[in-house]
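Visitor: I have a structure I would like to understand better, so I am pasting it below and will then ask my questions one at a time.
The values are calculated or read from the model by the stated rules, or taken from the named source; none is laboratory data. These numbers were taken from a predicted model, which means no experiment stands behind them. Methodologically, a virtual Cβ is constructed for each residue, glycine included, from the backbone with ideal geometry; neighbour enumeration extends over all protein chains shown.
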Amino acid sequence: MVSIVSVETLLRWHRELIRAKWTQTGRRPGRPRTPRDVCALVVRLARENAGWGYTRLFGAIRNLELPIGRTTIRRILKENGIEPAPERETSWRQFLKAQAAAMAAMDFFTTEVWTWRGLSTIYTLFAIDLKTREVQILGSTPNPDGAFMAQIARNVTGVEDGWLRKKKLLLADNDTKFTAHFRAILAATGLQSVKLPNAAPNSNAFAERFVRSVKSECLDRLILFGEDSLRRALREYAAHYNSERNHQGIGNVLIAPRAGDLGGRGRVVVRRRLGGLLNFYRRKAG
């Protein structure tokens, strides 16, 4: 008789049948593994709440009616390298959120401007409110020396109209342009200047994000002749940024819309800035 399969095939089938017989198809011994989404939730709660211990986490998760015990929470945190509450560090993001109402950030950016001497580098100093994201252009100069910085410090902390008069903390990097005299003037009014570590852009992320925005949306699209043209462009961009531009960081809304700019039933009209480089669309009042 001629076999329709080879010996090796028969042996393979035999081995597979034996393996199938002894392979357990039921539940493995012990408790079932915690679902991945529950593990992810435990990790999230621990990272968002640095002071919560195992018992506090257990209570919060029980509020959500999830079947998980305190011991399981401890195991999940250990597997993900998260320390117990007393040793768990507060993240920089959490610190900024908690202190945002009392904090602002300050930084420089540079722009190349054509002058009668050729290309000239202009330094622009700005501040940003970490809670509202509102931006203030504080000044532009080719020489940000000590006298310039001292005058800026006096301007922003003025009792009546100083833009930072209600703030308590100012984030600024270790740039030598932020002189000791500049920081002393701020400190005398109760505004503490926090020196940020070198080569750590994430510690001043809001300011860094504004620099990317003003350059990509405005300055990189213009050829500027003279310092006055730069100042005009920055005034227009700041007005657009603060009242006409939606911001994802605050829920994709406007920071401070003007009266009549939202809602309405009239026809759609456009407000143009810098020759149409910056546009805002609203409904014209009927």
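Visitor: Restricting attention to region 175-218, report how many residues are closer than 14 Å to residue 128 by Cβ, out of contact with any Asp or Glu (no Cβ under 9 Å at 6 or more places or on another chain) and of a type in the set (Gly, Ala, Ser).
Guide: Qualifying residue count, region 175-218: 2.
Residues checked against (1) in the same structural domain as residue 224 (by TED's automatic domain parsing); (2) assigned to a helix (DSSP H, G or I); (3) among the aliphatic types (A, V, I, L, M); (4) within 24 Å of residue 240 (Cβ to Cβ):
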| position | (1), (2), (3), (4) |
| --- | --- |
| 112 | yes, no, no, yes |
| 119 | yes, no, yes, no |
| 122 | yes, no, yes, yes |
| 126 | yes, no, no, yes |
| 136 | yes, no, no, yes |
| 147 | yes, yes, yes, no |
| 161 | yes, no, no, yes |
| 174 | yes, no, no, no |
| 182 | yes, yes, no, no |
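Visitor: Determine which member of the set 256, 200 is among the aliphatic types (A, V, I, L, M), farther than 20 Å from residue 124 by Cα, surrounded by fewer than 18 Cβ atoms within 10 Å (Cβ to Cβ) and modelled with pLDDT of 90 or more.
Guide: 256
Visitor: Inspect all residues belonging to region 260-280 and state whether any of them is at pLDDT 90 or above, small (Gly, Ala, Ser) and not in a helix (DSSP H, G or I).
Guide: no
Visitor: May I pose another question? Out of the residues in region 272-284 meeting the condition of being surrounded by 15 or more Cβ atoms within 10 Å (Cβ to Cβ) and touching a strand residue (DSSP E or B) at 6+ places or on another chain (Cβ under 9 Å), tell me which one is farthest from residue 231 (Cα to Cα).
Guide: Among those that are surrounded by 15 or more Cβ atoms within 10 Å (Cβ to Cβ) and touching a strand residue (DSSP E or B) at 6+ places or on another chain (Cβ under 9 Å), it is 283.
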